[in-house]
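Undergrad: Shown below is the structure under consideration.
The values are calculated or read from the model by the stated rules, or taken from the named source; none is laboratory data. These numbers were taken from a predicted model, which means no experiment stands behind them. Virtual Cβ from ideal backbone geometry, glycine too; neighbours counted across all protein chains shown. Surface accessibility is based on the protein's heavy atoms, side chains included, excluding ligands, DNA and RNA. Shrake-Rupley method; radii C 1.70, N 1.55, O 1.52, S 1.80 Å.
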Amino acid sequence: MLDTPSAQVPALSLNDEAADPDAFAAALGGSFERFGFAVIADHGVPQQLIDRAWEETKTLFALPEEEKRSYFTPAGGGQRGYTPFKTEIAKDAKHVDLKEFWHVGRDLPADHRFAADMPANIWPTRPEGFKPVFLELFEAFDRAGDRLLSAIARHLKLAPNWFDHAVKDGNSILRLLHYPPIPVDAEGVRAGAHEDINLITLLLGAEEAGLELLDKDGRWLAIKPPEGAMVVNVGDMLQRLTNNVLPSTTHRVVNPPPERRGHSRYSMPFFLHPAPDFLIETLPGCITAGNPNRYPTPITAHDYLHERLVEIGLVKK
């Protein structure tokens with residue numbers, strides 16, 4: 001890991017989206033087409049809220065193992081609540097990931113039309129401030145995601161509000177990740193090489209070294225954003241929708257050097273999903289003679305998600 005070169009992913013300011021939306025869209029789209037990743041500063045998620053969220057996250061994962069496991073529902077495929085250490089495995093990986101996590105989803109009324117597909121949240125008894133902080137943070141991520149999707153739509157020559165219908169009441173998930181201290185001879189890595197399932201992922205906490213992307217030439221490149229910036233990457237659903245014009249890049253979280261293995265690593269990815277009934281169908285503007293339709297059979301977001309959750313071991317066949 002120490003010899004891994006750094007990816008030259010340019011840092012973009014979301015403030016520029018308001019000042020010159022077309023220029024920002026071009027810069028964001030260019031970064032995605034080159035790396036599948038972008039680095040976003042001035043993302044609009046309040047730092048005070050982020051600081052509170054880190055405090056709640058660390059307190060949550062410091063709870064006794066038995067208490068955390070009381071919030072684990074194996075039949076739920078890890079969609080809500082707690083998932084224990086060494087549960088998730090990257091597709092085709094030999095070793096499970098060295099992490100534990102908690103999922104917060106969209107809060108919906110019990111009679112909502114998506115209630116059957118999007119389970120109710122599981123809230124811990126402690127820490128006491130957990131629920132209000134993460135409901136607020138979920139909304140803040142939602143707003144930032146909407147702005148980024150608008151820029152992506154512009155880049156794809158679509159109406160700026162094209163994604164609005166797709167993500168209204170979308171099945172997005174806020175994941176709180178804890179990579180505990182590990183021994184020097186740990187088997188496996190903190191997160192094996194994988195691609196994300198969703199449209200885009202918005203990630204906080206990548207300042208701590210470890211996140212790497214697989215470049216087009218086969219090299220692993222380290223990503224280390226400026227303090228407070230957000231890392232955003234394309235997911236498989238957006239790759240499929242755009243016929244690979246916007247690539248979903250393989251990435252991983254490698255183990256730290258020996259002197260850092262006694263420290264925990266925390267991060268907060270927001271997996272922005274469309275609504276369960278959204279039909280992922282190749283955009284006509286992304287089909288050309290040189291790039292024929294790779295995905296001629298449309299699939300709903302719900303069915304695609306289920307397929308992938310089976311592949312990574314969170315849902316049993």
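Undergrad: Strictly greater than 36 Å: what percent of every Cα pair in the chain meets that?
TA: Taking all Cα-Cα pairs of the chain, the fraction more than 36 Å apart is 13 percent.
Undergrad: What is the log10 of I(q)/I(0) for the range 227-317, computed with the Debye formula using one identical point scatterer on each Cα and no solvent, at q = 0.15, 0.19, 0.22, 0.24 Å⁻¹?
TA: Treating every Cα as an identical point scatterer, log10 I(q)/I(0) equals -0.77, -1.03, -1.20, -1.30.
Undergrad: What shape does the range 186-227 take by its C-alpha gyration tensor, where a ≥ b ≥ c are the square roots of the eigenvalues and a/c under 1.5 counts as rounded, a/b above b/c as prolate, and the rest as oblate?
TA: rounded
Undergrad: Taking 0.36 nm per residue of separation and subtracting the Cα-Cα distance, what length does fully extending residue 66 through residue 20 add?
TA: Length gained, residue 66 through residue 20: 11.4 nm.
Undergrad: Quick one: compute the contact order of the range 65-109, relative version, from alpha carbon pairs under 8 angstrom and 6+ residues apart, as a percent.
TA: Relative contact order, the range 65-109: 33 percent.
Undergrad: Placing unit charges on C-beta atoms (Lys and Arg positive, Asp and Glu negative, everything else neutral), compute the dipole magnitude of the chain about its Cα centre in debye, rounded to 20.
TA: Dipole about the Cα centre, nearest 20: 560 debye.
Undergrad: GNM, the chain, Cα, under 10 Å: largest mean-square fluctuation among 46, 180, 274?
TA: The residue that fluctuates most here is 46.
Undergrad: Now for a different question. Ordering 248, 264 by accessible area with a probe of 1.4 Å, largest first, what comes out?
TA: I get 264, 248, largest accessible area first.
Undergrad: Just to be sure I follow: if Rg is taken over the C-alpha atoms of the range 11-108 and Rh is the Kirkwood radius over the same atoms, what is Rg/Rh?
TA: Rg divided by Rh gives 1.10.
Undergrad: Under 10 Å, Cα contacts only: if you run a Gaussian network model on the chain, which one of 109, 119, 276 comes out with the highest mean-square fluctuation?
TA: Checking each option, the largest mean-square fluctuation is seen for 109.
Undergrad: Loop only per DSSP, at most 14 neighbouring Cβ atoms within 10 Å: give me the GluC sites (Glu not before Pro) in the range 124-183, ordered by residue number.
TA: 128
Undergrad: Still on this model: How many lysine pairs does the range 1-100 hold where the Cα atoms are under 17 Å apart and the two sit 8 or more places apart or on different chains?
TA: Lysine pairs, 8 or more places apart or on different chains, close enough: 7.
Undergrad: How high is the relative contact order of the chain, in percent, with contacts defined as C-alpha pairs under 8 Å that are six or more residues apart?
TA: Dividing the mean separation by the residue count of the chain yields 23 percent.
Undergrad: Pull out the extension gain between residue 41 and residue 8, defined as 0.36 nm times the separation in residues minus the alpha carbon to alpha carbon distance; nm, one decimal.
TA: Net length gain for the segment: 10.4 nm.
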